[in-house]
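The values are calculated or read from the model by the stated rules, or taken from the named source; none is laboratory data. Keep in mind that what you see is a predicted model, and the values were worked out from it rather than measured. Because the Cβ atoms are built from the backbone with ideal geometry, glycine has one as well, and the counts that use them run over all protein chains shown. Heavy atoms of the whole protein, side chains included, go into the accessibility calculation; ligands, DNA and RNA do not. Shrake-Rupley method; radii C 1.70, N 1.55, O 1.52, S 1.80 Å.
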Amino acid sequence: MDPFAYRNGELLAEDVPLARIAREVGTPAYVYSLAALRANYRAFADAMRGLDADLHYAVKANSNLAVIRAFAALGAGADIVSIGEMRRALAAGVAPADIVFSGVGKKTSELREALQAGVRQINVESRAELDMLDAAAGDLDRTAEIAIRVNPDVDAKTHAKITTGRKENKFGIDIDLARAAYAHAGAKPNLRVVGVAMHIGSQIMSLDPYRESLRKLRSLIGDLRADGHRIERLDLGGGYGIVYRRESNEQPFAVAAYVDMVRQETAGLGCRLSFEPGRSLVGNAGVLLGEVILVKPGSARTFVVVDAAMNDLLRPTLYEAWHDIVPVRQTAAGASTTITDIVGPICESGDYLAQNRAMPPLASGDVIAVKTAGAYGAVMASTYNSRPLAPEVLVDGARYDVIRRRQTVDDLLAMDRVPSWL
Ligand code: LLP
């Protein structure tokens, strides 16, 4: 569903005009639709029906407490990659037994805290981490339930910066070295091997790399069982692509098609499955609002300078990502368009939200919505150029609330200290 639609010439988030939120909360601001979050979750949950499976929401995509809470209330657990994310998941009401801890570089202090909290499973990504975790668990007199994240060496055919399942990527243990790593884990007194994990990348548009990886993992599970390991769980990661560009031929697979493929490929395997979607649960549920500061026509390009910038939404700069951008006041049908660069005020040529984009006429004071910004938007923001973090707003029908207040410049200054000797 797209919860952001025009009604009487105004772009709404559910039943709330985005222009009103811009006026009352200010810009830049992230706005999320609760109905869309729920609809995305339900589509997944419906597809999973009948499978022995859990959904662990990949909190990294959008870690606002209200967002995590919305999913937890529907039955989701959490996939976390840091202790910060664990604290968020716990604070939002996720039970420790529903938390899976992934990540390529967990520190001993983080492993300890996760063990003390009682997380369900730690996905280990290296032999060194097996040693660290065994030692930490021994110290605490606990047994850690682990899966090893296996790197299946499959090309997910996505952007180079978000592909993770190739041998040259830092993630997981090379599938060719996996048996030896499991043997190493099996000999550790404080670890209990329970599963195999994978995650091959993000914004993946085809089922093929998943199928290929699953087949490789299925055969590995056979070998591991023959080696005497009890493999009871299979963690499938996330990565399901979504549409960013409406007028394009982007064709992500349907969640139901993906889950059906998993159902077939894992039939009779006897593993409890775990899905870890992030983007597909939150991406289309959010927009970033910005206000046009000024328009600067040049001889080569027209620049529309807005008050939302790469520090608020890094994806266009970092991944050449396309986000549709629309004015919150609907343009008359047939209005002329101009090719523009929509840029922020930051002192970097890479600071743009869109380049060479056909846009309807825009003027100072107009509010724009950068669409599909619910995933990897607010969470990747920084305070570069001493720009405070934008607020986040959650809409539910005709009501809304600020779910993260706007940071202030005073907040920023309060963290710095000038030494007395300076
Ligand atoms: N599980 C693990 C172990 C992951 O590393 C990730 C994402 C996910 C699940 C969720 O993947 P998703 O369903 O959201 O694709 N910042 C990038 C995306 C980075 C994804 C990192 N890992 C972007 O803006 O495109």
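Annotation note: of 73, 53, the sole residue that is away from the ligand (no atom under 14 Å from the Cβ) and farther than 27 Å from residue 406 by Cα is 53. Taken over segment 150-170, residues that are open to solvent by 50 Å² or more (accessible area, probe 1.4 Å) and either outside the structural domain of residue 224 (by TED's automatic domain parsing) or not basic (Lys, Arg) (or both) amount to 4. Screening residue 82 with (1) in the same structural domain as residue 197 (by TED's automatic domain parsing); (2) within 16 Å of the ligand (Cβ to nearest atom) gives one miss only, at (1). Looking only at residues of segment 107-142 that are more than 19 Å from residue 233 (Cβ to Cβ) and within 16 Å of the ligand (Cβ to nearest atom), we find that the one that is surrounded by the fewest Cβ atoms within 10 Å (Cβ to Cβ) is 126. Among the conditions (1) farther than 19 Å from residue 298 by Cβ; (2) surrounded by 19 or more Cβ atoms within 10 Å (Cβ to Cβ), the only one that residue 386 does not satisfy is (2).
Within segment 382-389, at least one residue is part of a loop (DSSP other than H, G, I, E, B) and either modelled with pLDDT under 95 or closer than 23 Å to residue 17 by Cα (or both). Residue 393 satisfies every condition listed in (1) part of a loop (DSSP other than H, G, I, E, B); (2) under 24 Å from the mean Cα position of the chain (by Cα) except (1). Residue pairs whose Cβ atoms lie under 8 Å apart, separated by 6 or more positions or on different chains, with the first residue in segment 403-418 and loosely packed, with under 13 Cβ neighbours inside 10 Å and the second in a loop (DSSP other than H, G, I, E, B), are 405/391; 408/388; 409/388. Close contacts from segment 10-38, counting a first residue that is on the phi > 0 side of the Ramachandran plot and a second that is surrounded by 20 or more Cβ atoms within 10 Å (Cβ to Cβ) and of a type outside the set (Asp, Glu), with Cβ to Cβ under 6 Å and a gap of 6+ residues or different chains, come to 14/3; 14/33; 14/395. Selection of segment 176-205 for residues being within 16 Å of the ligand (Cβ to nearest atom) and either in contact with a Cys (Cβ under 9 Å, 6 or more places away or on another chain) or not in a strand (DSSP E or B) (or both) yields 195, 196, 198, 199, 200, 202, 203, 205.
Taken over segment 85-106, the criterion of being away from the ligand (no atom under 16 Å from the Cβ) and farther than 22 Å from residue 192 by Cβ is satisfied by 87, 90, 91, 92, 93. Scanning segment 76-106 for residues that are of a type in the set (D, E, K, R) and open to solvent by 40 Å² or more (accessible area, probe 1.4 Å) returns 87, 88, 98. Only a single item in (1) in the same structural domain as residue 185 (by TED's automatic domain parsing); (2) modelled with pLDDT of 95 or more; (3) under 30 Å from residue 158 (Cβ atoms) is not met by residue 228, and it is number (3).
Could you say which residue among 103, 50 is assigned to a loop (DSSP other than H, G, I, E, B) and under 17 Å from the mean Cα position of the chain (by Cα)?
Answer to the selection: 103.
Under 13 Å from residue 374 (Cβ atoms), within 14 Å of the ligand (Cβ to nearest atom), in contact (Cβ under 8 Å) with a residue 24 or more places away in the chain and in contact with a helix residue (DSSP H, G or I) (Cβ under 9 Å, 6 or more places away or on another chain): does that describe residue 41? Answer is yes for this residue.
The number of residues in segment 1-40 that are closer than 17 Å to residue 74 by Cα, open to solvent by 20 Å² or more (accessible area, probe 1.4 Å) and not small (Gly, Ala, Ser) comes to 2.
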